[in-house]
């Protein structure tokens, strides 16, 4: 790339990683040089997270080699990678909530005196690290759990610096920060670059990448796509590099929308402790409305807020035109609202794995199959269960085997069937097809459309852009807890979804919305 | 000033337990016919230290987000063992004491190994090992009996300098040589960290397995110290099943009173010691107010409920209801 440049500090070649049948990384490569900031780009599921997990010793690659400082390396644990000088600031925080800030920063190798941790020296080291991270306002004796999210993130950065890394990986490390902190962090990162560190920077904020990065690498579908010098490509070209998922799903046709019906669900100025901001939209019966955007922009919180799980939400939610205070899931699913939420993690929030298919199916609908004294009418229950097993084509050896014995796809069908037993009018889905096979995905797409045709209003969060394009009548794209764009009809395409997910206005997007973004 | 605020926040549970104990003890001595004197303090100390040692043992395990239902049985086993081997001349007696402590530590280490390396739930593992330890105690002492070096026993249960109860002194020494170094060591911190968030501790590269193992082992050691003192007080070994179970349950109560979180990661053995003394004082209070001893369990339950309720207020601040179940 450049003449006379020193050997790269770190190189990975031919790295592959599979989880079961799913390929997360295929023949990936990456080169990092000392004194440069390298940005990693890609949409959801592009393989960025897996790549840095491999680099930092959290997962072992199936194939490939890593060369650090001219030597082949492999890391058995995060601690081994840290010792070698590779430190990662993860998106999910690695701080221990009940320990103090100083304890957390000097967690790996505290100063010792008489065989005990020397707290005075530790405190000084922690203060130094906080100062280097530009966060001297944080008291080293404070407990981490008492700090707000943005301060914790700064502690995380100080902790990484205290380990004296040679390669520092930042995975969405600025996503929880305030604007003032972001500026400080950017200054710190530039200083570290000048001190000769190699930095790997992952962010969904394109303007931060534009300000910081020297080199950029794009990943797509677990594959390496391209590396280029920062500033040599336009935003449009970057988006084009990120597009390119193979289309292998068949989606049911979308009917012509009926706009004359009044909305069944309306949301006005919905907010929640800064994680959701001023969200307004309406859904009519028969509509499938998608939630788009990069993972973790408030989509999950929006669904939980609608379903009555979050406390202290602001704004108004109307069902059938009437304001409703939805204060718990049992109220959300009640006759007035008629909601159902298909959760993200079926193993913890959707199913009781050791219990039978029958029991799992009946949980949410017991009041519908029991008499006035709360005694379950077995005949009624069986009839309803049979109907659901047929409707969703759940492949099971019987309804009296544990649901844990079913395949992932069939488990997900049980979760959906469990809620359909209540005949909900508003169906919220939180990434329902993650980790299930292609065949079952198709069946779920068909089912969603059929439910909509029967008059249900569907809100569908998916991290897979193809699904949003194929299934949804409209898509709300979220960014930092706000609806940044609403796409409808032909506007729902990959280019628009990615561009608005990154909150950048490309030429095409700008033309369509008349420069609003 | 702000320095004090953080210290206070960190020690809140311990200070609360201290406050509860002092309040109860003042009421107790004020109403005691003999008033506040060295003998009353000595009696209270000797009654309290047994539970204090067991509560310290429980604290070490609870900090790692585990629970040890075998502490009471280690206490009985070491008591029965001591009634055989802590006898004879000073040299033999010393060997006996060391032997008792080693057996206690081994019991704790076995619990730790099963929980950490066998990946069994602490509650199940320690119910099972507790039954084993009680079985061994029963084999050692099918009926109450045995003896102990009475010179040593009397020395450790009397008063020093005419006012300081020797048992209390021993407790302080144990805190200084076992608890303080542990809580300030890398392993102690790893034990706290794994109780607070095991994933974060692993991701931070802390020695969580060794930290937890050490916590269980020292827990066994402290229970054995409790067993030794029981022998010094009673001069006999007695595999009393009900007593072992009561100590296990009371140790959990004392730990909770002392501000140690059963979810792990929070609290100190010093808080648990005050919790133990407070718990013991409830019985004494009933005595000076001429209540029937039958009221004791009921009052202990009420005090425990009140103390635990104080710690539950944080739940009102939760903004995402799913966190109630986390």
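The values are calculated or read from the model by the stated rules, or taken from the named source; none is laboratory data. Keep in mind the model is a prediction, meaning the values are calculated, not measured. Here Cβ is always computed from backbone atoms with ideal geometry, including for glycine, and neighbour counts include all displayed protein chains.
Within the stretch A:159-180, count every residue that is part of a helix (DSSP H, G or I), closer than 24 Å to residue A:108 by Cβ and without any contact (Cβ under 8 Å) to a residue 40 or more places away in the chain.
Keep residues of the stretch A:159-180 that are part of a helix (DSSP H, G or I), which gives A:159-162, A:179-180.
The next check asks that each one be closer than 24 Å to residue A:108 by Cβ; those that pass are A:159-162.
Filter once more, keeping what is without any contact (Cβ under 8 Å) to a residue 40 or more places away in the chain: A:161.
Going through the stretch A:159-180 one residue at a time, the tally reaches 1.
Considering only the stretch A:340-432, give the helices (runs of 4 or more DSSP H) lying wholly within it that have at least 2 residues that are crowded, with 19+ Cβ neighbours inside 10 Å and touching a strand residue (DSSP E or B) at 6+ places or on another chain (Cβ under 6 Å).
So the answer is A:408-420.
Looking at the stretch A:251-274, can you tell me whether even one residue there is within 14 Å of another protein chain (Cβ to nearest Cβ) and modelled with pLDDT under 85?
yes
Free of Cβ contacts under 8 Å to residues at least 24 places away in the same chain and out of contact with any helix residue (DSSP H, G or I) (no Cβ under 6 Å at 6 or more places or on another chain): which single residue out of A:470, A:489 fits that description?
On inspection, the qualifying residue turns out to be A:489.
In the stretch A:344-375, which residues are within 14 Å of chain B (Cβ to nearest Cβ) and under 22 Å from residue A:401 (Cα atoms)?
A:345, A:348, A:349, A:350, A:352
Cβ contacts < 7 Å: first residue at positive phi, restricted to the stretch A:409-438; second residue outside any loop (DSSP other than H, G, I, E, B), any location; separation 6+ or different chain. Result?
Partner pairs satisfying both residue conditions: A:431/A:461; A:435/A:408.
Mind counting the residues in the stretch A:298-313 that are more than 12 Å from chain B (Cβ to nearest Cβ) and over 18 Å from the mean Cα position of the chain (by Cα)?
So the count comes out to 1.
What about residue B:156, is it surrounded by 13 or more Cβ atoms within 10 Å (Cβ to Cβ) and touching a residue at least 40 places away in the same chain (Cβ under 8 Å)?
Values: surrounded by 13 or more Cβ atoms within 10 Å (Cβ to Cβ): yes; touching a residue at least 40 places away in the same chain (Cβ under 8 Å): yes.
Against the criterion (surrounded by 13 or more Cβ atoms within 10 Å (Cβ to Cβ) and touching a residue at least 40 places away in the same chain (Cβ under 8 Å)), residue B:156 qualifies.
Could you list, in sequence order, the residues of the stretch B:1-42 that are within 15 Å of residue B:272 (Cα to Cα) and in contact with a helix residue (DSSP H, G or I) (Cβ under 6 Å, 6 or more places away or on another chain)?
Result: B:13, B:14, B:17, B:18, B:20, B:21.
For every residue, the table says whether it meets (1) touching a helix residue (DSSP H, G or I) at 6+ places or on another chain (Cβ under 7 Å); (2) in the same structural domain as residue A:298 (by TED's automatic domain parsing); (3) under 28 Å from residue A:14 (Cα atoms).
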{"position": "A:141", "(1), (2), (3)": "yes, no, no"}
{"position": "A:144", "(1), (2), (3)": "yes, no, no"}
{"position": "A:164", "(1), (2), (3)": "no, no, no"}
{"position": "A:175", "(1), (2), (3)": "no, no, no"}
{"position": "A:179", "(1), (2), (3)": "no, no, no"}
{"position": "A:192", "(1), (2), (3)": "no, no, no"}
{"position": "A:233", "(1), (2), (3)": "no, no, yes"}
{"position": "A:237", "(1), (2), (3)": "no, no, yes"}
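Of everything in the stretch A:466-475 that's surrounded by fewer than 24 Cβ atoms within 10 Å (Cβ to Cβ) and touching a strand residue (DSSP E or B) at 6+ places or on another chain (Cβ under 7 Å), which residue is nearest to residue A:500 (Cα to Cα)?
A:474
Is it true that residue A:225 is more than 24 Å from residue A:132 (Cα to Cα) and at pLDDT 90 or above?
The answer is no for residue A:225.
Among the numbered criteria (1) buried (at least 19 other Cβ atoms within 10 Å of the Cβ); (2) within 12 Å of chain B (Cβ to nearest Cβ), which single criterion is violated by residue A:181?
The single condition residue A:181 does not satisfy is (2).
Residue A:295 - would you say it is farther than 21 Å from residue A:455 by Cα, away from every other protein chain (no Cβ under 14 Å) and out of contact with any strand residue (DSSP E or B) (no Cβ under 9 Å at 6 or more places or on another chain)?
yes
Could you list, in sequence order, the residues of the stretch A:100-131 that are at the interface with chain B (Cβ under 7 Å from one of its Cβ atoms) and in contact with a strand residue (DSSP E or B) (Cβ under 7 Å, 6 or more places away or on another chain)?
A:110
Please give the number of the condition residue A:163 fails out of (1) modelled with pLDDT of 90 or more; (2) within 12 Å of chain B (Cβ to nearest Cβ).
Status for residue A:163: all satisfied but (1).
Restricting to the stretch B:111-125, give me the number of residues that are touching a residue at least 60 places away in the same chain (Cβ under 8 Å) and crowded, with 18+ Cβ neighbours inside 10 Å.
5
Hey, does the stretch A:51-59 have a residue that's within 14 Å of chain B (Cβ to nearest Cβ), in contact (Cβ under 8 Å) with a residue 40 or more places away in the chain and out of contact with any helix residue (DSSP H, G or I) (no Cβ under 8 Å at 6 or more places or on another chain)?
Yes, some residue in the stretch A:51-59 is within 14 Å of chain B (Cβ to nearest Cβ), in contact (Cβ under 8 Å) with a residue 40 or more places away in the chain and out of contact with any helix residue (DSSP H, G or I) (no Cβ under 8 Å at 6 or more places or on another chain).
Scan B:177, B:173 and give me the residue that is within 14 Å of chain A (Cβ to nearest Cβ) and either assigned to a loop (DSSP other than H, G, I, E, B) or out of contact with any helix residue (DSSP H, G or I) (no Cβ under 6 Å at 6 or more places or on another chain) (or both).
One residue alone meets the criteria, B:177.
Return the total of residues in the stretch A:275-286 being within 14 Å of chain B (Cβ to nearest Cβ) and exposed (fewer than 14 other Cβ atoms within 10 Å of the Cβ).
If we filter the stretch A:275-286 for residues that are within 14 Å of chain B (Cβ to nearest Cβ), which is where we start, we get A:275-276.
From what is left, the residues that are exposed (fewer than 14 other Cβ atoms within 10 Å of the Cβ) are none.
Qualifying residue count for the region: 0.
Applying the selection to the stretch A:67-88, what residues are away from chain B (no Cβ under 14 Å) and crowded, with 20+ Cβ neighbours inside 10 Å?
A:68
Taking residue B:299 as the residue in question, decide whether it is in a helix (DSSP H, G or I) and crowded, with 20+ Cβ neighbours inside 10 Å. Steps first, answer last, please.
Working: in a helix (DSSP H, G or I): yes; crowded, with 20+ Cβ neighbours inside 10 Å: no.
For residue B:299, the condition - in a helix (DSSP H, G or I) and crowded, with 20+ Cβ neighbours inside 10 Å - is not met.
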